[in-house]
Amino acid sequence: MSNTSKIWGGRFSDNVNEFVQSFTASIGFDKRLAPADIEGSKQHSRMLVNIGVLTKAEGEAILLGLDQVLEEITVGTFHWSEELEDVHMNIESRLIELVGDTGRKLHTGRSRNDQVATDVRLWLSREIDEILRLIYQCQQSIVELAEPHTATIMPGFTHLQSAQPITFAHHLLAWFEMLERDRSRLLDCQERVKVSPLGSAALAGTSFDIDREFTRAQLGFTEVSRNSLDAVSDRDFAIEFLSSASLIMVHLSRWSEELVYWSSSPVRMVELPDAYCTGSSIMPQKKNPDIPELVRGKAGRVIGNLTSLLVLMKGQPLAYNRDNQEDKEPLFDTVDTVSDCLRAFAGMIPEIRPNVERMLDLASEGHPTATDLADWLVRKDVPFRDSHRISGQLVALAESKGCNLADLALSEMREISGVFDESVYEVLELENSVKSRSHVGGTAPETVATEIARIQKLLLNRYSDLREAT
(Lines give C-alpha, C1' and ligand atoms only; values in the text may rest on other atoms or scores of the structure.)
Protein backbone atom coordinates (compact mmCIF):
# COMPACT_ATOMS: atom_id res chain seq x y z
CA MET A 1 0.00 0.00 0.00
CA SER A 2 1.44 3.38 -1.02
CA ASN A 3 1.47 6.41 1.25
CA THR A 4 -0.97 8.15 -1.05
CA SER A 5 -3.53 5.37 -0.62
CA LYS A 6 -3.25 5.26 3.17
CA ILE A 7 -6.00 6.89 5.22
CA TRP A 8 -3.57 9.62 6.29
CA GLY A 9 -1.72 9.83 2.95
CA GLY A 10 -3.16 12.97 1.38
CA ARG A 11 -0.05 15.15 1.80
CA PHE A 12 2.46 12.44 0.77
CA SER A 13 3.86 11.84 -2.70
CA ASP A 14 6.42 9.08 -2.05
CA ASN A 15 5.78 5.58 -0.83
CA VAL A 16 6.85 4.60 2.65
CA ASN A 17 10.12 2.70 2.92
CA GLU A 18 9.44 -1.02 3.34
CA PHE A 19 11.60 -1.26 6.45
CA VAL A 20 10.01 1.86 7.94
CA GLN A 21 6.57 0.37 7.38
CA SER A 22 7.54 -2.74 9.32
CA PHE A 23 9.44 -0.79 11.97
CA THR A 24 6.55 1.56 12.74
CA ALA A 25 3.76 -1.03 12.63
CA SER A 26 2.19 -1.96 15.96
CA ILE A 27 -0.45 -4.39 14.76
CA GLY A 28 1.65 -7.33 15.95
CA PHE A 29 0.75 -6.49 19.54
CA ASP A 30 -1.95 -3.81 19.69
CA LYS A 31 -4.56 -6.00 17.99
CA ARG A 32 -5.15 -7.18 21.54
CA LEU A 33 -7.05 -3.91 22.01
CA ALA A 34 -9.56 -4.78 19.28
CA PRO A 35 -12.60 -5.42 21.53
CA ALA A 36 -12.00 -2.17 23.41
CA ASP A 37 -11.40 -0.30 20.14
CA ILE A 38 -14.66 -1.59 18.68
CA GLU A 39 -16.61 -0.76 21.81
CA GLY A 40 -15.19 2.75 21.84
CA SER A 41 -16.06 3.18 18.18
CA LYS A 42 -19.62 1.99 18.72
CA GLN A 43 -20.25 4.50 21.50
CA HIS A 44 -18.56 7.25 19.47
CA SER A 45 -20.86 6.38 16.57
CA ARG A 46 -23.94 6.53 18.78
CA MET A 47 -22.83 9.92 20.05
CA LEU A 48 -22.35 11.19 16.47
CA VAL A 49 -25.93 10.12 15.70
CA ASN A 50 -27.20 11.93 18.79
CA ILE A 51 -25.55 15.21 17.76
CA GLY A 52 -26.67 14.93 14.12
CA VAL A 53 -23.30 14.25 12.47
CA LEU A 54 -24.51 10.80 11.40
CA THR A 55 -28.00 9.83 10.39
CA LYS A 56 -29.74 7.07 12.31
CA ALA A 57 -29.37 4.77 9.29
CA GLU A 58 -25.66 5.52 9.03
CA GLY A 59 -25.21 4.86 12.74
CA GLU A 60 -27.02 1.53 12.49
CA ALA A 61 -24.91 0.50 9.50
CA ILE A 62 -21.72 1.30 11.39
CA LEU A 63 -22.86 -0.64 14.45
CA LEU A 64 -23.73 -3.69 12.36
CA GLY A 65 -20.43 -3.44 10.54
CA LEU A 66 -18.47 -3.21 13.78
CA ASP A 67 -20.35 -6.22 15.14
CA GLN A 68 -19.31 -8.19 12.07
CA VAL A 69 -15.70 -7.09 12.45
CA LEU A 70 -15.71 -8.22 16.08
CA GLU A 71 -17.21 -11.56 15.05
CA GLU A 72 -14.49 -12.06 12.44
CA ILE A 73 -11.80 -11.24 15.01
CA THR A 74 -13.38 -13.56 17.56
CA VAL A 75 -13.58 -16.58 15.24
CA GLY A 76 -10.16 -15.88 13.72
CA THR A 77 -11.14 -15.06 10.12
CA PHE A 78 -10.16 -11.38 10.30
CA HIS A 79 -7.16 -10.47 8.13
CA TRP A 80 -4.64 -8.34 9.98
CA SER A 81 -2.47 -6.22 7.71
CA GLU A 82 0.88 -4.74 8.71
CA GLU A 83 0.47 -2.21 5.91
CA LEU A 84 -2.46 -0.76 7.85
CA GLU A 85 -0.11 -0.13 10.78
CA ASP A 86 -2.30 -0.62 13.85
CA VAL A 87 -5.48 -2.04 15.29
CA HIS A 88 -7.44 1.17 14.62
CA MET A 89 -6.67 1.34 10.91
CA ASN A 90 -7.21 -2.38 10.42
CA ILE A 91 -10.66 -2.21 11.95
CA GLU A 92 -11.62 1.01 10.17
CA SER A 93 -10.45 -0.32 6.81
CA ARG A 94 -12.50 -3.49 7.19
CA LEU A 95 -15.51 -1.43 8.31
CA ILE A 96 -15.26 0.66 5.14
CA GLU A 97 -15.16 -2.53 3.09
CA LEU A 98 -18.35 -3.69 4.78
CA VAL A 99 -20.44 -0.48 4.85
CA GLY A 100 -18.83 1.68 2.19
CA ASP A 101 -18.31 5.43 2.52
CA THR A 102 -20.45 5.53 5.66
CA GLY A 103 -17.54 3.88 7.44
CA ARG A 104 -15.32 6.82 6.51
CA LYS A 105 -17.49 9.10 8.65
CA LEU A 106 -16.84 7.24 11.91
CA HIS A 107 -13.60 9.06 12.67
CA THR A 108 -15.31 12.45 12.72
CA GLY A 109 -14.50 14.36 15.90
CA ARG A 110 -11.70 12.08 17.10
CA SER A 111 -8.08 11.15 16.42
CA ARG A 112 -6.05 8.01 16.81
CA ASN A 113 -4.45 9.85 19.73
CA ASP A 114 -7.58 9.96 21.89
CA GLN A 115 -8.77 6.68 20.38
CA VAL A 116 -5.76 4.68 21.57
CA ALA A 117 -5.77 6.39 24.96
CA THR A 118 -9.43 5.40 25.35
CA ASP A 119 -8.75 1.83 24.22
CA VAL A 120 -5.88 1.30 26.64
CA ARG A 121 -7.78 2.75 29.58
CA LEU A 122 -10.87 0.69 28.79
CA TRP A 123 -8.80 -2.49 28.38
CA LEU A 124 -6.71 -1.89 31.50
CA SER A 125 -9.70 -1.14 33.71
CA ARG A 126 -11.17 -4.54 32.87
CA GLU A 127 -7.84 -6.29 33.33
CA ILE A 128 -7.57 -4.72 36.79
CA ASP A 129 -10.98 -6.20 37.59
CA GLU A 130 -9.65 -9.62 36.61
CA ILE A 131 -6.49 -9.20 38.68
CA LEU A 132 -8.63 -8.18 41.65
CA ARG A 133 -10.57 -11.43 41.21
CA LEU A 134 -7.31 -13.39 41.18
CA ILE A 135 -6.16 -11.61 44.34
CA TYR A 136 -9.44 -12.62 45.93
CA GLN A 137 -8.85 -16.25 44.94
CA CYS A 138 -5.31 -16.11 46.29
CA GLN A 139 -6.51 -14.67 49.59
CA GLN A 140 -9.13 -17.40 49.82
CA SER A 141 -6.39 -19.99 49.32
CA ILE A 142 -4.29 -18.46 52.08
CA VAL A 143 -7.17 -18.58 54.55
CA GLU A 144 -8.00 -22.14 53.52
CA LEU A 145 -4.45 -23.23 54.34
CA ALA A 146 -4.23 -21.16 57.52
CA GLU A 147 -7.49 -22.12 59.22
CA PRO A 148 -6.42 -25.57 60.54
CA HIS A 149 -3.07 -24.26 61.75
CA THR A 150 -3.85 -21.53 64.27
CA ALA A 151 -1.97 -23.54 66.93
CA THR A 152 0.77 -24.99 64.70
CA ILE A 153 4.03 -23.56 66.02
CA MET A 154 6.86 -22.64 63.67
CA PRO A 155 10.00 -20.53 64.01
CA GLY A 156 9.64 -16.84 63.36
CA PHE A 157 12.72 -15.31 61.77
CA THR A 158 14.55 -12.04 61.59
CA HIS A 159 17.73 -11.90 59.48
CA LEU A 160 16.77 -15.53 58.66
CA GLN A 161 17.82 -16.40 62.18
CA SER A 162 15.50 -18.01 64.73
CA ALA A 163 13.83 -15.15 66.60
CA GLN A 164 10.56 -16.01 68.36
CA PRO A 165 7.97 -18.78 68.01
CA ILE A 166 4.89 -17.94 65.98
CA THR A 167 2.02 -19.91 64.51
CA PHE A 168 1.93 -21.06 60.90
CA ALA A 169 -1.48 -19.45 60.41
CA HIS A 170 -0.15 -16.14 61.71
CA HIS A 171 2.68 -16.24 59.18
CA LEU A 172 0.25 -17.00 56.33
CA LEU A 173 -1.97 -14.10 57.33
CA ALA A 174 1.03 -11.83 56.82
CA TRP A 175 0.82 -12.89 53.17
CA PHE A 176 -2.88 -12.01 53.22
CA GLU A 177 -2.09 -8.51 54.48
CA MET A 178 0.38 -7.95 51.64
CA LEU A 179 -2.32 -8.80 49.11
CA GLU A 180 -4.81 -6.62 50.96
CA ARG A 181 -2.58 -3.60 50.39
CA ASP A 182 -2.05 -4.65 46.77
CA ARG A 183 -5.81 -4.77 46.32
CA SER A 184 -6.19 -1.31 47.83
CA ARG A 185 -3.53 0.13 45.53
CA LEU A 186 -5.19 -1.35 42.46
CA LEU A 187 -8.59 0.04 43.42
CA ASP A 188 -7.01 3.44 43.93
CA CYS A 189 -5.16 3.19 40.62
CA GLN A 190 -8.35 2.22 38.83
CA GLU A 191 -9.95 5.53 39.81
CA ARG A 192 -7.37 7.29 37.64
CA VAL A 193 -7.59 4.70 34.87
CA LYS A 194 -11.35 5.21 34.46
CA VAL A 195 -11.06 8.72 33.02
CA SER A 196 -12.34 9.14 29.46
CA PRO A 197 -10.00 10.94 27.04
CA LEU A 198 -12.40 10.43 24.12
CA GLY A 199 -13.14 13.79 22.55
CA SER A 200 -9.67 15.21 23.08
CA ALA A 201 -8.94 14.37 19.42
CA ALA A 202 -5.31 14.91 18.36
CA LEU A 203 -4.39 17.37 21.12
CA ALA A 204 -6.71 20.41 21.09
CA GLY A 205 -10.19 18.89 21.16
CA THR A 206 -12.62 19.10 18.26
CA SER A 207 -14.76 21.80 16.67
CA PHE A 208 -17.77 19.46 16.62
CA ASP A 209 -20.31 19.85 19.41
CA ILE A 210 -19.62 16.41 20.85
CA ASP A 211 -21.24 14.92 23.95
CA ARG A 212 -18.35 13.60 26.03
CA GLU A 213 -20.59 12.76 28.96
CA PHE A 214 -22.55 10.36 26.78
CA THR A 215 -19.52 8.37 25.67
CA ARG A 216 -18.10 8.48 29.19
CA ALA A 217 -21.22 6.92 30.66
CA GLN A 218 -21.64 4.38 27.88
CA LEU A 219 -18.06 3.17 28.23
CA GLY A 220 -18.22 2.93 32.01
CA PHE A 221 -15.73 5.67 32.80
CA THR A 222 -16.27 7.70 35.97
CA GLU A 223 -15.25 11.11 34.61
CA VAL A 224 -13.95 12.90 31.53
CA SER A 225 -10.45 14.30 31.19
CA ARG A 226 -10.19 18.05 31.81
CA ASN A 227 -7.32 18.92 29.46
CA SER A 228 -7.01 17.62 25.91
CA LEU A 229 -3.21 17.98 25.77
CA ASP A 230 -2.75 15.94 28.89
CA ALA A 231 -5.42 13.40 27.97
CA VAL A 232 -3.77 12.21 24.76
CA SER A 233 -0.24 12.15 26.15
CA ASP A 234 -0.83 10.92 29.72
CA ARG A 235 0.55 7.48 30.52
CA ASP A 236 0.73 8.07 34.28
CA PHE A 237 -2.15 5.66 34.76
CA ALA A 238 -0.17 2.87 33.07
CA ILE A 239 2.94 3.67 35.10
CA GLU A 240 0.89 3.68 38.29
CA PHE A 241 -0.54 0.28 37.39
CA LEU A 242 2.94 -1.08 36.66
CA SER A 243 4.09 0.24 40.02
CA SER A 244 1.23 -1.54 41.79
CA ALA A 245 1.91 -4.66 39.75
CA SER A 246 5.60 -4.53 40.68
CA LEU A 247 4.68 -4.50 44.36
CA ILE A 248 2.41 -7.50 43.83
CA MET A 249 5.31 -9.33 42.24
CA VAL A 250 7.70 -8.30 45.02
CA HIS A 251 5.26 -9.83 47.50
CA LEU A 252 4.87 -13.02 45.48
CA SER A 253 8.64 -13.19 45.13
CA ARG A 254 9.06 -12.97 48.91
CA TRP A 255 6.56 -15.79 49.38
CA SER A 256 8.43 -17.76 46.74
CA GLU A 257 11.71 -17.33 48.57
CA GLU A 258 10.11 -18.60 51.76
CA LEU A 259 8.58 -21.62 50.04
CA VAL A 260 11.88 -22.51 48.38
CA TYR A 261 13.60 -22.30 51.77
CA TRP A 262 10.86 -24.05 53.73
CA SER A 263 10.67 -26.95 51.25
CA SER A 264 14.44 -27.41 50.92
CA SER A 265 15.94 -30.72 52.05
CA PRO A 266 17.73 -29.33 55.13
CA VAL A 267 14.64 -27.47 56.38
CA ARG A 268 11.63 -29.62 55.33
CA MET A 269 8.99 -27.44 56.99
CA VAL A 270 6.55 -27.84 54.10
CA GLU A 271 5.89 -30.20 51.24
CA LEU A 272 4.92 -28.56 47.95
CA PRO A 273 2.33 -30.33 45.76
CA ASP A 274 3.76 -32.55 43.02
CA ALA A 275 1.57 -30.83 40.44
CA TYR A 276 3.49 -27.57 40.99
CA CYS A 277 7.00 -29.07 40.96
CA THR A 278 9.25 -30.79 38.43
CA GLY A 279 12.10 -33.26 38.55
CA SER A 280 15.68 -33.41 37.35
CA SER A 281 16.84 -34.84 34.04
CA ILE A 282 19.74 -36.59 35.78
CA MET A 283 18.97 -36.83 39.51
CA PRO A 284 15.91 -39.06 40.03
CA GLN A 285 15.43 -38.05 43.66
CA LYS A 286 14.92 -34.35 42.94
CA LYS A 287 11.67 -32.44 43.44
CA ASN A 288 12.27 -28.88 42.35
CA PRO A 289 10.08 -25.93 43.45
CA ASP A 290 9.79 -24.59 39.91
CA ILE A 291 6.65 -22.48 40.35
CA PRO A 292 8.03 -20.41 43.27
CA GLU A 293 11.37 -20.08 41.49
CA LEU A 294 9.75 -18.93 38.25
CA VAL A 295 7.52 -16.44 40.05
CA ARG A 296 10.58 -15.12 41.87
CA GLY A 297 12.29 -14.68 38.50
CA LYS A 298 9.31 -13.07 36.80
CA ALA A 299 9.24 -10.37 39.47
CA GLY A 300 12.35 -8.89 37.86
CA ARG A 301 10.60 -8.88 34.50
CA VAL A 302 7.67 -6.82 35.81
CA ILE A 303 9.95 -4.41 37.66
CA GLY A 304 11.86 -4.02 34.38
CA ASN A 305 8.62 -3.15 32.59
CA LEU A 306 7.97 -0.40 35.13
CA THR A 307 11.45 1.01 34.58
CA SER A 308 10.96 0.82 30.82
CA LEU A 309 7.78 2.90 30.91
CA LEU A 310 9.25 5.45 33.32
CA VAL A 311 12.20 5.99 30.98
CA LEU A 312 9.87 6.07 27.97
CA MET A 313 7.95 9.02 29.40
CA LYS A 314 10.67 11.04 31.08
CA GLY A 315 11.77 13.07 28.05
CA GLN A 316 8.53 13.58 26.16
CA PRO A 317 7.17 17.08 25.54
CA LEU A 318 3.42 17.61 25.22
CA ALA A 319 1.43 16.28 23.54
CA TYR A 320 1.39 12.85 21.88
CA ASN A 321 4.63 11.39 20.53
CA ARG A 322 5.18 8.15 18.63
CA ASP A 323 7.34 6.96 21.53
CA ASN A 324 4.08 6.05 23.23
CA GLN A 325 3.61 3.15 20.83
CA GLU A 326 6.16 1.45 23.10
CA ASP A 327 3.89 1.60 26.15
CA LYS A 328 1.75 -1.39 25.22
CA GLU A 329 4.11 -4.34 25.19
CA PRO A 330 5.39 -3.80 28.75
CA LEU A 331 1.81 -3.15 29.88
CA PHE A 332 0.43 -6.26 28.19
CA ASP A 333 3.31 -8.39 29.43
CA THR A 334 2.83 -7.17 32.99
CA VAL A 335 -0.88 -7.95 33.02
CA ASP A 336 -0.19 -11.45 31.69
CA THR A 337 2.68 -12.11 34.09
CA VAL A 338 0.92 -10.89 37.22
CA SER A 339 -2.26 -12.75 36.32
CA ASP A 340 -0.42 -16.01 35.67
CA CYS A 341 1.60 -15.76 38.88
CA LEU A 342 -1.47 -15.07 41.01
CA ARG A 343 -3.29 -17.93 39.30
CA ALA A 344 -0.37 -20.27 40.05
CA PHE A 345 -0.27 -19.33 43.72
CA ALA A 346 -4.05 -19.53 44.10
CA GLY A 347 -3.90 -23.13 42.92
CA MET A 348 -0.74 -24.13 44.76
CA ILE A 349 -1.28 -22.66 48.24
CA PRO A 350 -4.19 -24.88 49.38
CA GLU A 351 -2.16 -27.97 48.41
CA ILE A 352 0.88 -27.07 50.53
CA ARG A 353 1.37 -29.54 53.37
CA PRO A 354 3.12 -28.26 56.49
CA ASN A 355 5.36 -30.68 58.40
CA VAL A 356 3.99 -29.86 61.84
CA GLU A 357 6.50 -31.87 63.86
CA ARG A 358 9.45 -30.50 61.91
CA MET A 359 8.19 -26.94 62.40
CA LEU A 360 7.95 -27.50 66.15
CA ASP A 361 11.47 -28.96 66.29
CA LEU A 362 12.93 -26.01 64.40
CA ALA A 363 10.96 -23.55 66.56
CA SER A 364 12.74 -24.99 69.60
CA GLU A 365 16.18 -24.16 68.24
CA GLY A 366 18.04 -20.92 68.81
CA HIS A 367 16.57 -20.08 72.24
CA PRO A 368 13.41 -18.45 70.80
CA THR A 369 11.88 -17.74 74.24
CA ALA A 370 14.77 -15.52 75.37
CA THR A 371 12.59 -12.45 74.88
CA ASP A 372 9.89 -14.03 77.07
CA LEU A 373 12.56 -14.57 79.69
CA ALA A 374 13.54 -10.90 79.55
CA ASP A 375 9.88 -9.87 79.81
CA TRP A 376 9.45 -12.15 82.84
CA LEU A 377 12.35 -10.40 84.56
CA VAL A 378 10.78 -7.00 83.82
CA ARG A 379 7.62 -8.18 85.58
CA LYS A 380 9.90 -8.94 88.54
CA ASP A 381 10.86 -5.22 88.56
CA VAL A 382 14.18 -5.73 86.78
CA PRO A 383 14.83 -2.82 84.34
CA PHE A 384 14.55 -4.02 80.75
CA ARG A 385 18.18 -3.29 79.87
CA ASP A 386 19.29 -5.33 82.86
CA SER A 387 16.83 -8.11 82.02
CA HIS A 388 18.14 -8.13 78.45
CA ARG A 389 21.70 -8.55 79.73
CA ILE A 390 20.73 -11.31 82.19
CA SER A 391 18.81 -13.18 79.51
CA GLY A 392 21.79 -12.91 77.19
CA GLN A 393 24.04 -14.36 79.87
CA LEU A 394 21.69 -17.32 80.28
CA VAL A 395 21.67 -17.85 76.51
CA ALA A 396 25.45 -17.89 76.56
CA LEU A 397 25.39 -20.43 79.40
CA ALA A 398 22.93 -22.66 77.54
CA GLU A 399 25.06 -22.40 74.39
CA SER A 400 28.15 -23.47 76.34
CA LYS A 401 26.27 -26.47 77.75
CA GLY A 402 24.67 -27.37 74.41
CA CYS A 403 21.15 -27.23 75.83
CA ASN A 404 18.00 -25.11 75.67
CA LEU A 405 17.14 -22.40 78.18
CA ALA A 406 14.45 -24.58 79.72
CA ASP A 407 17.07 -27.26 80.40
CA LEU A 408 19.11 -25.02 82.70
CA ALA A 409 18.80 -25.78 86.39
CA LEU A 410 17.20 -23.14 88.61
CA SER A 411 20.40 -23.02 90.66
CA GLU A 412 22.36 -22.12 87.52
CA MET A 413 19.94 -19.31 86.75
CA ARG A 414 20.10 -17.99 90.32
CA GLU A 415 23.90 -17.75 90.08
CA ILE A 416 23.29 -15.02 87.46
CA SER A 417 20.30 -13.40 89.22
CA GLY A 418 18.61 -14.20 92.50
CA VAL A 419 15.27 -13.09 91.08
CA PHE A 420 14.62 -16.45 89.40
CA ASP A 421 12.11 -18.93 90.79
CA GLU A 422 10.28 -22.00 89.48
CA SER A 423 7.67 -19.94 87.60
CA VAL A 424 10.29 -18.93 85.07
CA TYR A 425 9.99 -22.31 83.35
CA GLU A 426 6.42 -21.57 82.31
CA VAL A 427 7.49 -18.66 80.09
CA LEU A 428 10.19 -20.79 78.47
CA GLU A 429 7.60 -23.14 76.93
CA LEU A 430 6.89 -22.47 73.26
CA GLU A 431 3.13 -22.84 73.63
CA ASN A 432 3.00 -20.31 76.46
CA SER A 433 5.19 -17.89 74.51
CA VAL A 434 2.80 -18.01 71.56
CA LYS A 435 -0.35 -17.79 73.70
CA SER A 436 0.96 -14.75 75.56
CA ARG A 437 0.81 -12.58 72.44
CA SER A 438 -2.95 -12.25 72.44
CA HIS A 439 -3.32 -8.58 71.46
CA VAL A 440 -4.73 -7.55 68.09
CA GLY A 441 -2.16 -8.48 65.47
CA GLY A 442 -0.44 -10.99 67.74
CA THR A 443 0.35 -14.65 67.07
CA ALA A 444 -1.75 -16.24 69.84
CA PRO A 445 -3.94 -19.04 68.45
CA GLU A 446 -7.14 -17.50 69.79
CA THR A 447 -6.26 -14.12 68.29
CA VAL A 448 -5.38 -15.65 64.93
CA ALA A 449 -8.62 -17.66 64.90
CA THR A 450 -10.57 -14.46 65.53
CA GLU A 451 -8.70 -12.75 62.70
CA ILE A 452 -9.45 -15.63 60.33
CA ALA A 453 -13.15 -15.36 61.19
CA ARG A 454 -13.04 -11.62 60.45
CA ILE A 455 -11.29 -12.23 57.12
CA GLN A 456 -13.72 -14.96 56.09
CA LYS A 457 -16.62 -12.59 56.61
CA LEU A 458 -14.78 -9.91 54.63
CA LEU A 459 -14.14 -12.30 51.75
CA LEU A 460 -17.73 -13.52 51.77
CA ASN A 461 -18.92 -9.95 51.23
CA ARG A 462 -16.38 -9.50 48.44
CA TYR A 463 -17.52 -12.71 46.81
CA SER A 464 -21.05 -11.29 46.64
CA ASP A 465 -19.71 -8.08 45.13
CA LEU A 466 -17.68 -10.01 42.53
CA ARG A 467 -20.72 -12.08 41.53
CA GLU A 468 -22.78 -8.91 41.07
CA ALA A 469 -20.01 -7.30 39.01
CA THR A 470 -19.77 -10.38 36.81
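The values are calculated or read from the model by the stated rules, or taken from the named source; none is laboratory data. All values reported here derive from a predicted model rather than from experimental measurement. With ideal geometry, Cβ positions are generated from the backbone for all residues, glycine too; neighbour counts draw on all protein chains shown. Areas reflect the complete protein model, heavy atoms only, side chains present, ligands, DNA and RNA absent. Shrake-Rupley method; radii C 1.70, N 1.55, O 1.52, S 1.80 Å.
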remark   = In terms of the alpha carbon gyration tensor, root eigenvalues a ≥ b ≥ c, rounded if a/c is under 1.5 and otherwise prolate when a/b exceeds b/c or oblate, the range 360-403 is oblate
query = Within a Cβ distance under 12 Å of GLU271, other residues only, what is the Lys/Arg minus Asp/Glu net charge?
reply = +2
note = Env charge @ SER433, Cβ radius under 13 Å, K,R +1 / D,E -1, value -3
key: Efficiency of FRET between ASP236 and THR371 - r from beta-carbon atoms, R0 51 angstrom, step 0.05   = 0.65
task = Could you work out how far helix 290-313 tilts from the main Cα principal axis of the chain, as a 0 to 90 degree angle to the nearest 10?
result = 50 degrees
task = Beyond 30 Å between alpha-carbons counts as too far, so tell me which of LYS298/LYS457; LYS42/LYS298; LYS380/LYS401; LYS42/LYS194; LYS286/LYS457; LYS287/LYS435 fall in that bin.
result = LYS298/LYS457; LYS42/LYS298; LYS286/LYS457; LYS287/LYS435
ask   = Taking square-rooted eigenvalues a ≥ b ≥ c of the alpha carbon gyration tensor, is the chain rounded, prolate or oblate, where a/c under 1.5 means rounded and, failing that, a/b exceeding b/c means prolate?
value = prolate
query = How do 278-291, 22-35 rank on mean C-beta neighbours within 10 Å, highest first?
reply = 22-35, 278-291
request  = Return the carbon/sulfur percentage of the accessible area of the range 103-217, one whole number, probe 1.4 Å, all protein chains in place.
outcome  = 48 percent
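Label the range 261-383 by shape, choosing from rounded, prolate and oblate, from the square roots a ≥ b ≥ c of the eigenvalues of the Cα gyration tensor; if a/c is under 1.5 it is rounded, and otherwise prolate applies when a/b is larger than b/c, oblate when it is not. Intermediate results must be reported in sequence, preceding the final value.
Working: a/c = 3.76, a/b = 1.59, b/c = 2.37.
Cα axes put the range 261-383 in the oblate bin.
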message = I'd like to check one number: the per residue accessible area of the range 302-373, probe 1.4 Å, reported in Å² as a whole number.
response = 42 Å²
inquiry  = Using a 1.4 Å probe on the protein heavy atoms only, what accessible surface does ILE416 show? Give it in Å² to the nearest 10.
reply    = 60 Å²
message = Multiplying the sequence separation of LYS401 and ASN321 by 0.36 nm and subtracting their Cα-Cα distance, what value in nm do you get?
response = 21.6 nm
Relative contact order, percent, the chain [alpha-carbon distance under 8 Å, six or more residues apart] = 16 percent
task = Based on the mean of other Cβ atoms within 10 Å per residue, sort peptides 335-344, 97-106 so the most packed one is first.
result = 335-344, 97-106
query = Tell me, what is the per residue accessible area of the range 167-229 in Å², probe radius 1.4 Å?
reply = 45 Å²
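So, counting K/R as plus one and D/E as minus one, what does the shell of residues with Cβ under 12 Å around LEU460 add up to?
Computed value for this residue: +3.
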task = Could you state the angle between the C-alpha long axis of helix 112-146 and the longest principal axis of the C-alpha atoms of the chain, as a value from 0 to 90 degrees rounded to the nearest 10?
result = 20 degrees
key: Acute angle (nearest 10 degrees) that the helix 87-99 long axis makes with the longest principal axis of the chain, alpha-carbon atoms   = 40 degrees
message = I'd like the Karplus ³J(HN,Hα) series for the range 261-277: coefficients 6.51, -1.76, 1.60, θ = phi - 60°, whole numbers in Hz, and an x wherever there's a Gly or Pro.
response = 5, 4, 8, 5, 4, x, 9, 6, 7, 9, 10, 7, x, 4, 5, 10, 10
request  = Note down the nm distance, to one decimal, between modelled labels 7 Å out along Cα→Cβ at TYR425 and at LYS287.
outcome  = 3.9 nm
ask   = In nm, to one decimal, how far is the modelled label at ALA202 from the one at ASP101, with both set 7 Å along Cα→Cβ?
value = 2.4 nm
ask   = At VAL356 and GLN68, where each label point lies 7 Å from the Cα along Cα→Cβ, what is the point-to-point distance in nanometres?
value = 6.7 nm
Length added when fully stretched, GLU60-LEU229, from 0.36 nm per residue minus Cα-Cα = 57.7 nm
remark   = The alpha-carbon center of the range 376-448 and that of the range 134-161 are separated, in whole Å, by 27 Å
inquiry  = Report the gain in length on full extension from GLU415 to GLN21: 0.36 nm times residue separation, minus Cα-Cα distance, nm rounded to one decimal.
reply    = 133.2 nm
inquiry  = Taking 22 Å as R0, compute the FRET efficiency from the Cβ-Cβ separation of LEU160 and ALA275 and round it to 0.05.
reply    = 0.20
